[in-house]
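Right, one structure below, let's go through it.
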Amino acid sequence: MDDVLIAPDIDYLAVAPMIIVGVTAVVGVLVEAFAPRRPRRGIQLVLTFGALIAAFVVLISQAGTRVITGSLAIDGPSLVLQGLILLIAIVSAMLMAERRVDPAGDAFSPRASALPGSEEERVLSTRGFMQTEVWPLMLFAVVGMMLFTAANDLLVMFIALEIMSLPLYLLAGMSRRRRLLSQEAALKYFILGAFSSAFFIFGAAMLYGFSGTISLPGIADALSANPGQTPLIFIGFGLVVIGLLFKVGAVPFHQWVPDVYQGSPSAVTAFMAAAVKVAAFGALLRFLYVAFGGARWDWQPALWIIAIATMLVGSILAITQTDIKRMLAYSSIAQAGFILVGVIAVNPEGVAAVMFYLAAYGFATLGAFAVISLVRQDGGEATHLSNWAGLGKRSPVLALSMSLFMLSFAGIPLTSGFIGKFTVFEAAILADAVPLVIVGVIASIIAAFFYVRVIVLMFFTEPAEVGPTVVLPSVFTTLVLAISVAVTVILGVFPQPVLDLVEQANVFLR
Amino acid sequence: MSNFPWLTTIGVIPLIGAVVVMLLPRSKGLLAKQLALVFSLIALGMTIAMALQFDADVTDPFQFSESASWIPALGISYSVGVDGIGLVLIGLAATLVPVVILAGWHDVDEELGSVKGYFALILVLQTLMIGVFAATDVFLFYVFFEAMLVPIYFLIGRYGGPQRAYAAVKFLIYSLVGGLFMLASLIGLYVVSGRQLGEGTFDFLSLVGLEMDSTTQRLLFLGFFFAFAIKAPLFPFHTWLPDAAKESTPGTAVLLIGVLDKVGTFGMIRYLLPIFPEASQFYAPVVIAMAVIGILYGALVALGQNDMKRLFAYSSMSHFGFIALGIFVFTNIGMSGSVLYMVAHGLSTAAVFLVAGFLMARRGGSSLISDYGGISKVAPVLAGFLLFAALSSLALPGLASFLGEFMVLLGTFQIYPWVAVVATLGIVFTAAYVLRFYQRTATGPVPAAYAPGSAHPMTDVKAREVTALAPLVLLTIVLGVFPTPALDVINPAVEWTQQTLGVVDPPPQIDTPGGGQ
């Protein structure tokens, strides 16, 4: 122990993407403070898209980097997942930028503190106020996510967790429509999220107590030096994993998912569902593989149970839902279960499969929520399933896209979801986890039922007399739909390049 | 052999047709039908041209083979090729599609849904049917197998009867269940091949002869078997079929039962037996029991039906029992009989459902047998076709289905004489319900609803309908009296399959009745 603080030697180029996004987020806050109201939105849009795209370009140029710099590991998985997070962020930013579908403006309340339905809110709306803070908030969340996938010690992982989560709590509560639901979602997300953070940090402390270090490779070394279970390591591991599984939305830590997905503005839900999963699975993989890869026999049984429960509970509860956003929330729980199957494999194939699955799932989710944001009634979204009856007659293109995403979730061949399921199950069989695959197949069958039900509703049910209208979106949402459809089809039909990519990037540095 | 990509071309033509048809404006319903017919006829012509070049004496298991890399990371390639079995089934599909298009000329109108959509879906289905029989990469087969669900799902769910949504969903769920079990086995097979060959592959010929311990083999067998048994459908996985058949249009029912369901039995011959020989022998008694139960159960339930579509759905289930029986007794003659019977059953099912469709079109869409009677008095030619279709379905000697059924029973008798005896009872029941059906519809008094002089008198067949039925009648007779060309094509493929099983036909044992192996 020396008392002198030595500045770590940092490879700035390797972490440049995170720096770009983070600095831009700070600039965004300054813009909120100093720029006049009228051009603010334009400036924020340019900053947001500019930062995300620039970060992505820099990331691509760093594709070959494999380096541990300070507390960050810039290796294959973190590069791929960071790239995926950036892409998902770019697409979700387009969704958030949409202003044409809601007659009152964008999807966000003009001032989140105004009481719903109050005079104040009405005045703000008519005077064209907008909440442009959503853009820097989103960028902060993106920084947190990128950091989360690269964090190589528990403290940085915790900080990343908080940077990622806090903006999301805010974003969840900003819906212009159905404000109370949205605020309830935000509060619920915040309280439960705070709990899980507490679990995480407490667990990290235990692990530090056991190993005397917070770095993940250090914990692995301490484990191999002191084999055998001690209560400290047992509790510490359990608490940290609970914190991570909470973010993933795995059963039994999934209670927040349906309410938050339903209450948040659809654009935020899409971002949350797609990107948070990527980041959280990245962190979970790194924690389990780098720190506890050697002790896999001890934790695999516990995660088996969680994966099985997640797949089954998610699929079964989704059947009973009558609100499409809630249904997709339970579906995302089930999908998390399928991804956990790949996590449990603890082999390079598993890492590659999880990354592929996250990409497939992420874009299908973005597309599905984009569709949801377009089906509207009385100004707001028509999310009750009965409203979707006969959508195929009213708007065949939209209904076909939605069907494609549903088929991808269900894992039908020639869609990205199929290849995802295939690779995940393959990794599990390679790891001799055959029962897990059988449960996975059964859960897929159950899940197929409610995905198909949406298609049936849209195509084979007569539309109601006063049904919802399908709004013609601006170029933003149109692009989101086009990108999601293209990715879902391309990853399903020609997945080779992406499979190659994830295969080359399936090893964690330690 | 020329390097012309026959199979890909034949498969792509209907797909192009579907795109062209979909691009037409909505008002051009007639042109859509005509174009669909033209494209399906081109595909049929190409299929015939290919079949003429098929060489039955070549020792390679597959001819007209093509292969291109698709997803090398997962050992998946686009590989197609046909053996004799695949060839006759592609021929069946290529024949039935134009027939169905012609017969279903007025099946859909704009009120029900887009006319061009119906015919485009049929063409898409044709592409997938050709693909599923031609694939020599197991993964490619699986993709076609699952993708087929989509057009047929829309064909039933969009253009069928009042309960169509229910029937379509039931069909889809059953098929998805089977498909996902097959997927699990497929991945398992891939992993096994990876462990043994160094690199995972889906290439069919590489998978044949893969050495697996019997537990693995039996598990993987079950995944495939579920999918095929649901598709075929065997007892007790059949309950989706009557609903689907009743609610779909006659044309859809023909393609569904006539061709699609054959994919199940085709899959058993092509994939189950060669890849899992040990497991196939292990499970054979179970499958045979299911088949025999299906034969008798289907026939008995058919006896009690008052709906002609349901009646023939149960009848088909009974006949699928025969096909499965022929496959799992592991004799050359039984399996050849099964393949021949698949084709014959496709033709006879088509005839039965199309004639039933013609009747229904004249009677306001009712498929209840009790709504009919005395057709032979008011529409003698139509009644004649009805009789022919009925006789073909009960396997009258001289018709193709008789030959198939007879060969299956012969092959069964060599191994399990008592099973053959019991299965023969099915033929008796079949005769009972088929003849009773004919009696109730074609003879007796003419109901007032369509008696001559009523508002909508029953009319006799039109030229279009005769044109649609004529090829079926002709083929049924030709295959029945002169099956040699077909059997010459089928037999080498059957022998090859039997070799992979390590089974040799038992010598004829005339002196010891009951003396199986």
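A few comments on the model shown:
- In this structure the amide hydrogen of B:Thr136, modeled in the peptide plane, comes within under 5 Å of the amide hydrogens of B:Ser79, B:Val80, B:Gly81, none closer than 5 places in sequence on its chain.
- Between A:Leu400 and B:Ile48, the modelled label-to-label distance comes to 3.4 nm, taking each label 7 Å out from Cα in the direction of the beta carbon.
- Shown here for segment B:17-119: trypsin sites (Lys or Arg not before Pro) in loop regions (DSSP other than H, G, I, E, B) with at most 15 other Cβ atoms within 10 Å, namely B:Arg26, B:Lys28.
- For the segment A:433-439, counting C-beta atoms of other chains within 10 Å of every residue's C-beta and taking the mean gives 2.
- The modelled label-to-label distance for the pair B:Glu495/B:Val428, using points 7 Å beyond Cα in the direction of Cβ, is 3.8 nm.
- Spatially, segment A:191-230 and segment B:235-304 are offset by 57 Å when compared through their Cα centroids.
- Gyration tensor over alpha-carbon atoms, the protein assembly as shown, equivalent ellipsoid semi-axes in Å: 57, 35, 23
- For segment B:161-209 versus segment B:97-144, the inter-centroid distance based on Cα atoms is 21 Å.
- Exposure rule at most 12 other beta-carbon atoms within 10 Å, DSSP loop GluC sites (Glu not before Pro): chain B longest free segment: B:212-517
- ³J(HN,Hα) computed for each position of segment A:414-423 - Karplus, 6.51 cos²θ - 1.76 cosθ + 1.60, integer Hz, glycine/proline x: 6, 10, 4, x, 5, 4, x, 4, 4, 5
- Sequence-separation-based contact order of segment A:12-504, relative, with Cα cut under 8 Å and 6+ spacing, percent: 15
- Projected over all directions and averaged, the alpha-carbon convex hull of segment B:211-327 occupies 6.6 nm².
- Gain upon complete extension [A:Ala54, A:Ala198; 0.36 nm per residue less C-alpha separation]: 48.4 nm
- A simple rule links phi to the HN-Hα coupling: the Karplus curve 6.51 cos²θ - 1.76 cosθ + 1.60 with θ = phi - 60°, which for segment B:430-447 gives 4, 4, 5, 6, 5, 5, 5, 4, 5, 4, 6, 8, 9, 10, x, x, 7, x Hz, with x for Gly and Pro.
- As a proxy for reagent exposure, ranking A:Phe460, A:Phe338 by other Cβ atoms within 10 Å from fewest up yields A:Phe460, A:Phe338.
- 19 Å Cα-Cα reach of A:Lys421 towards lysines, excluding residues that sit fewer than 8 places from it in its own chain: A:Lys277
- Estimated from the Cβ-Cβ distance and a Förster radius of 25 angstrom, the FRET efficiency linking B:Leu368 and B:Thr239 is about 0.75.
- Rg of the Cα atoms in chain A, relative to 2.2 N^0.38 Å, amounts to 0.94.
- Diffusion coefficient, µm² s⁻¹, Stokes-Einstein with Kirkwood Rh over alpha-carbon pairs of segment B:6-501 at 25 °C and 0.890 mPa s: 109
- Here A:Lys393 is the anchor, and the lysines within straight C-alpha reach of less than 27 Å, apart from those fewer than 8 places off in the same chain, are A:Lys325, B:Lys28, B:Lys33, B:Lys116, B:Lys170, B:Lys246.
- Length gained when the stretch A:Val27-A:Glu462 is fully extended (0.36 nm per residue, less Cα-Cα span): 151.5 nm
- Alpha carbon centroid spacing (whole Å) that separates segment B:1-57 from segment A:424-466: 34
- Karplus-derived 3J(HN,Hα) values for segment A:50-56, using 6.51 cos²θ - 1.76 cosθ + 1.60 with θ = phi - 60°, are x, 5, 5, 5, 4, 4, 5 Hz; glycine and proline are entered as x.
- Least to most buried among A:Tyr169, A:Tyr289 (fewest other Cβ within 10 Å first): A:Tyr169, A:Tyr289
- As a calculated quantity, the FRET efficiency between A:Ser113 and A:Asp323 at R0 = 25 Å, using C-beta atoms, amounts to about 0.40.
- Segment B:Ala449-B:Asp57, extension gain: residue separation times 0.36 nm, minus the distance between their alpha carbons: 135.3 nm
- As a rough footprinting exposure proxy, the listed residues A:Arg100, A:Arg179, A:Arg37 were ranked by other beta carbons within 10 Å of their own, and the order from fewest upward is A:Arg37, A:Arg100, A:Arg179.
- Under 5 Å between amide hydrogens, built in the peptide plane, is the criterion, and for A:Leu72 it picks out A:Asn152 among residues at least 5 positions away or on other chains.
- Estimated FRET transfer efficiency (B:Leu30, A:Thr213; beta-carbon r; R0 56 Å; 0.05): 0.10
- In this simple spin-label model, placing a label point 7 Å from the Cα along the Cα-to-Cβ direction at both A:Asn347 and A:Leu5 gives a separation of 4.6 nm.
Coordinate-derived values only; no laboratory data. All values reported here derive from a predicted model rather than from experimental measurement. Because the Cβ atoms are built from the backbone with ideal geometry, glycine has one as well, and the counts that use them run over all protein chains shown.
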